[in-house]
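Beneath this line is the structure, given in structure tokens, with notes to follow.
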Amino acid sequence: MKFYAIVLAAGKSRRMGEGTNKLLLPLRGKTVIENTLDFFCKDERLSGILVVTSDPFIEALAVDRGCRVVAGGEERQESVLKGLALLDNDDYAFIHDGARPFLSDALFDRCFAEAKSGRAFIPGIPVTDTLKLVQNGQVEATLNRDSHILVQTPQGSPVGRLKEAYALVKEQGFFVTDDSSALELLGETVYVIEGSEDNRKITSPADMRYLK
């Protein structure tokens, strides 16, 4: 089984404001996406890194680092499928948000340990705030936060099963926001590993200010 990272870098950065690509913002002397790519490039356990993007500058950064590049889709699930299409069914994929530049060695070691079992997994962290179910601006119920997690990436799965899952998503016309949701529709068991508080995703200017 060969292990590959698929880095998703085709998002529109809508919450960052018009004309701003969050992946190209400066962070620790590099761009956000360079921080993310350089983490994977140093890991010799990976057989390759696929970068899904439609930005020519990000494409150039990826190619300079020896990554394969494929054009992104309109939605996340389309971009994932384009990356998966370059891999064999018996490969294993770690799918990661390009906007999570603080993935740690400790977390990725936990990811690899789970991947070697051939199981699908997601990293998650506990919900620490009170969790409410809201409808039409009104509280409907207070949920048990102990039975909920906040989901992160990289999310891992055997490539063949993930291709099947996304084919079903496309066939049924569903919209999913992460890979585990597609696998759930297929009836696949998805395991949870310990995530990291530091593994934050940059989505807004406030996130960027906090991370700096």
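The values are calculated or read from the model by the stated rules, or taken from the named source; none is laboratory data. None of these values were measured; they are calculated from a predicted model. Please note: Cβ atoms are built from the backbone with ideal geometry, for glycine as well, and neighbour counts cover all protein chains shown.
Listed by position, the helices (runs of 4 or more DSSP H) enclosed by the stretch 1-113 that each have at least 2 residues that are touching a residue at least 60 places away in the same chain (Cβ under 8 Å) and buried (at least 19 other Cβ atoms within 10 Å of the Cβ) are 32-41, 76-84.
Evaluation of Asp97 against the conditions (1) modelled with pLDDT under 95; (2) of a type outside the set (A, V, I, L, M); (3) touching a Ser or Thr at 6+ places or on another chain (Cβ under 8 Å) shows that the sole unmet condition is (1).
Identify all residues within the stretch 157-203 that are surrounded by 15 or more Cβ atoms within 10 Å (Cβ to Cβ), assigned to a loop (DSSP other than H, G, I, E, B) and among the polar types (S, T, N, Q); write none if there are none. Residues satisfying the conditions are Ser196, Asn199, Thr203. Filtering the stretch 18-53 to residues that are among the acidic types (Asp, Glu) and farther than 17 Å from Leu211 by Cα leaves Glu18, Asp38, Asp43, Glu44. Does Asn144 fit the bill of being loosely packed, with under 12 Cβ neighbours inside 10 Å and not hydroxyl-bearing (Ser, Thr, Tyr)? So Asn144 passes the test. Reported count of residues in the stretch 118-156, each being aliphatic (A, V, I, L, M), in contact (Cβ under 8 Å) with a residue 12 or more places away in the chain and not in a loop (DSSP other than H, G, I, E, B), is 8.
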